[in-house]
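Structure first, commentary second.
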Amino acid sequence: MKHIRQFGGGSAEGRAKDKALLGGKGANLAEMASLGLPVPPGFTITTDVCRYAIAHAGGYPDGLDAEVAEALAKVEELAGAKFGDHSAPLLVSVRSGAPASMPGMMDTILNLGLNDDTVAAIATKSNNPRFAWDCYRRFVAMYGEVVLGVAAAEEDDEQPFDRILNDVKAKHRAHKDQDLSEAALREAVALFKAEILRATGTPFPDDVRTQLWGAIGAVFRSWNNPRADVYRKMNNIPVAMGTAVSVQAMVFGNLGDDCATGVAFTRNPSTGVAELYGEFLTNAQGEDVVAGIRTPEGIAELAKKLPAAYAELARVAKLLEDHFRDMQDLEFTIQHGKLFMLQTRNGKRTGTAMVKVAVDLVAEGKLTPNEAVMRVDPAKLDEVLHPTIDPKARPAFTAKGLPASPGAAIGKVVFTAKAAEEWAQRGETVLLVRTDTSPEDIHGMKVAAGILTARGGMTSHSAVVARGMGKCCVTACTALRVDAPKKTAAFVGGGKEIKLKEGDVLTLDGSTGEVFVGPLPLVPAKLGAELGTLMQWVDAVRKLRVRTNADTPIDARTARSFGAEGIGLCRTEHMFFQPERILAVREMIVASDETGRRTALAKILPMQRSDFAELFRVMDGLPVTIRLLDPPLHEFLPHAQAEIDELATSLGLTPQQVAQKVSDLTEANPMLGHRGCRLAITFPEIYEIQTRAIGEAAAEVARAGVAVHPEIMIPLVMVPEELRRLRELVGKAMTEALGGADVPFTIGTMIELPRACVVADKIAEHADFFSFGTNDLTQTTFGLSRDDAGRFLPTYLDRGVLPSDPFAVLDPDGVGALIELGVRGGRATKPGLKVGICGEHGGEPSSVEFCHRAGFDYVSCSPFRVPIARVAAARAVLAEGKA
Ligand code: PEP
Ligand code: MG
């Protein structure tokens, strides 16, 4: 079996389609080489070898060394240099590249092949000893860190090689890396080697083949490092995929001022605007740009500094974008004015850019509308829909950095990833504030609402990762000083200093780069014209209707502006959370007889009637599903003494009597208790009066010309008899309340218990529609409390016992199978039975696709997820076509 694919010299073994075997980087290098683009020669060791090494304790398949030797010989031939040679030595880079993009998560080694002999040869050949020693010091440090594992202690902000380099810089009065003389660089190399010997007990390896195999091994191992692991879990990348390793002849961006290195996007990855976008550094190597050590220049400057190379870059960028029919993220190096391409991949982008690029590519004739829909990641639309800072309440900013990833975030500041995790676990919303982030910080970035760094740029680690996560991020906030060990920071500038300590609140604006001390009011997102265009294509394709879960007119209005086609769930008990209303609900709950309950219900009736009337007006012409009361009692009983006292006064009882009543009503398992329709079986007047409120409201707005379509929904049905009785009661109350007004209404049920799924055919005899309540159905199918699962579910996810949180992503095998059974049963009795979902899963893309396949009529989700569900519904149809 062949484990290696060669590329360079205008040809390649392999193409972009071979990502599974060559990784994204290797496959696209092959594609670029075969397109005749300037790619330094090299070879890729396949992902098969990674999988083999994992299964064989790091061992390699037989014959790999011979294949590497042969491939290296071809690279030597194409590059006109020899690995380890004392007069014309070849230097190589060794890079990771998984089939799925995992930016910065695995390791890379540059300038490999240097030792005391080859560095001298490079110095002579390039006639630039400073350059040779600059490469050497970079290589020794990188090799020491990545391959030999020389690292700082956990709490130390500075890595050993950085510390040594900073000391050398200070000693030689060099401000920047480029200011270091050859002598200073020689000194750094000697100190680096001494540090390696001290830290590992073994000298730095001079033998170039030892170096190469060390690097190959380290890159394969980095597939399993903790940050790669976290990233894989977040992005559902299977560990069995493995990484490839690409070994490639080095080209140098640090040979002088006619050299540069940079990254570029074929379109702006924040806004999607069609412009060459990116940054570069002259006289530098690629790591300098990504690491944020020096502040790079905008790509437009390159047109002034190296016009010919810029023109070539623009040509290649256009060619690659047209070839891949998608926005590309490019890495390049310019060596003495000549451009070399080191990488191309589909660029990570914000939600806004995702939508704009997809729509623009259709306008440019490169994609069909349906292809554009398939290019949109529905979950990423979240970012387009996120709130921003209210412009009317925008004070002067405290500090400013680069707008690395859009949206606004408010949170308490923490200064380490560890602290971010701890605070987040306590339920706090945090902002991770760092001098710079490294991939080690990914677990902290994951839980943070936003990220702020003093260093970095638009393509530094924090920016790329935050953008990928759709998190607000501000980088390069130069006024910021962070002292992580002391848990403090400050904004310094203009002779002023504003101090911050852990837990202080900041507001970040990732769209402008502005930072504010304290919380600011946010306003909901506005939808751009491109989203409207995309949504037209989406709506033309999808079969599922999308409704919203809304309990208030504000939510209903927001949802309607996002395209909701009605309300799929109005939780009436949620209309009572305001303090002045909850008292009436409590009076009803603790009432000891029907008269007491009717007195409390009489207070509730007018409030409900006006709430419903407003919802009907907002949803004019669309269905509104109102669920009758389903209060898990523990959410509504008073617990604090003040609440008990208030209730006692209102009822003319003593606090002791109320406390006794509360104690009588307290259940061991309230989620499985006296809730849902069980409450109305015991106290029918509750549903009777709620229905009266619905009917009277409907009659009132219908008379005013509103098209009202109420759908009354009975929760938590376990036996058909419950629904039979309650349907009769509700139907009668509704007809009476309507008083002859012409309002067509239906009565249906939630299906949220396994038993209901099993006897769905019988339940359907009394139902006009089914709405699957997958929150309770998941809880009861798994036997997993909705309220407590968070305590141990994370362990299940971390350890891979469950693939995802079943309360977020519908479990297709268990809950899904019950749903299918329920749909089949219901439609066996009533072939046209309307079926929907109103659990949280109704806005989660893979769950929406499940609902499409299961033949649902609609999904219902929170307002902000309505567009996401619409896109997911369309993608479900298109995916079917493909299959
Ligand atoms: C459900 O159980 O899925 C549901 C929508 O109802 P609730 O979340 O109010 O129990
Ligand atoms: Mg429920």
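Only protein heavy atoms count here; under a 1.4 Å probe, M718 has an accessible surface of about 70 Å². For the peptides 4-10, 637-643, 92-98, residues were scored by their other Cβ atoms within 10 Å and the scores averaged per peptide; the highest-first order is 92-98, 4-10, 637-643. If both residues of a DSSP beta bridge must be in the chain, then about 65% of such bridges are antiparallel. Cα gyration tensor of region 172-326, axes a ≥ b ≥ c as square roots of the eigenvalues: rounded (a/c below 1.5), prolate (a/b > b/c) or oblate? Oblate, since a/c reaches 1.5 and b/c is not below a/b.
Compute log10 of I(q)/I(0) for region 525-598 with the Debye formula, placing one identical point scatterer on every Cα and leaving out solvent, at q = 0.21 Å⁻¹, to two decimals. Listed by q, the Debye log ratios stand at -0.96.
With 32 Å as the limit on Cα-Cα distance, the pairs of K25/K446; K125/K305; K318/K380; K233/K304; K169/K471; K356/K543 that go past it are K233/K304; K169/K471. Rounded if a/c is under 1.5, else prolate if a/b is larger than b/c, else oblate: which is region 733-881, with a ≥ b ≥ c the root eigenvalues of its Cα gyration tensor? Note, shape of region 733-881 comes out prolate. The residues of the chain present an accessible area of 40 Å² per residue when probed at 1.4 Å with all protein chains retained. Taking all protein chains together and rolling a 1.4 Å probe, V801 ends up with roughly 90 Å² accessible.
The angle between the Cα long axis of helix 655-665 and the longest principal axis of the Cα atoms of the chain comes to about 80 degrees, rounded to the nearest 10. Each of the peptides 839-848, 272-281, 360-369 was scored by the mean count of other Cβ atoms within 10 Å over its residues; in descending order, highest first, they stand as 839-848, 272-281, 360-369. The listed residues H336, H3, H323 rank as H336, H323, H3 when sorted by accessible area, largest first, using a 1.4 Å probe. Legend: calculated FRET efficiency, Q159 to E301, from the Cβ-Cβ distance at R0 = 41 Å, rounded to 0.05, equals 0.85.
The Cα atoms of region 112-206 give a gyration tensor whose axes a ≥ b ≥ c have a/c of 1.5 or more with a/b no greater than b/c, which makes the shape oblate.
For the chain, the relative contact order works out to 8 percent when only alpha carbon pairs closer than 8 Å and six or more residues apart are counted. Heavy-atom accessible area for M354, with the other protein chains in place and a 1.4 Å probe, reaches approximately 10 Å².
Say R0 is 51 Å: what FRET efficiency, to the nearest 0.05, do A640 and T829 get from their beta-carbon distance? Once rounded, the FRET efficiency stands at 0.60.
Compared with the dominant principal axis of the Cα atoms in the chain, helix 19-34 is inclined by about 50°. Packing around the peptides 664-677, 701-714, taken as the average count of other Cβ atoms within 10 Å per residue, puts them in this order, highest first: 701-714, 664-677. Taking each residue as 0.36 nm, the span from E721 to T595 lengthens on full extension beyond its C-alpha to C-alpha distance by 42.8 nm.
Could you tell me what percent of the accessible area of region 377-487 is made up of carbon and sulfur, with a 1.4 Å probe and every protein chain present? Of the solvent-accessible surface of region 377-487, carbon and sulfur hold 52 percent.
The accessible-area ordering, largest first, of the residues E13, E440 stands as E440, E13, per a 1.4 angstrom probe. For the chain, the Cβ-based charge dipole about the Cα centre amounts to some 1080 debye (Lys, Arg positive; Asp, Glu negative; other atoms uncharged).
Mean residue ellipticity at 222 nm, helices only, the chain: -13500 deg cm²/dmol; runs of at least 4 DSSP H residues each add -39,500 (n - 2.57), and the sum is divided by the number of residues.
Between the helical axis of 307-324 and the longest alpha-carbon principal axis of the chain there is an angle of about 40 degrees. The listed residues L653, L64, once ranked by accessible area (1.4 Å probe) with the largest placed first, stand as L653, L64.
The values are calculated or read from the model by the stated rules, or taken from the named source; none is laboratory data. Because the structure is predicted, anything quoted here is derived from the model rather than measured. Positions of Cβ are generated from backbone atoms using ideal geometry, with glycine treated the same way; all protein chains shown enter the neighbour counts. Heads up: the accessible areas ignore ligands, DNA and RNA and are worked out on the full protein's heavy atoms, side chains in. Shrake-Rupley method; radii C 1.70, N 1.55, O 1.52, S 1.80 Å.
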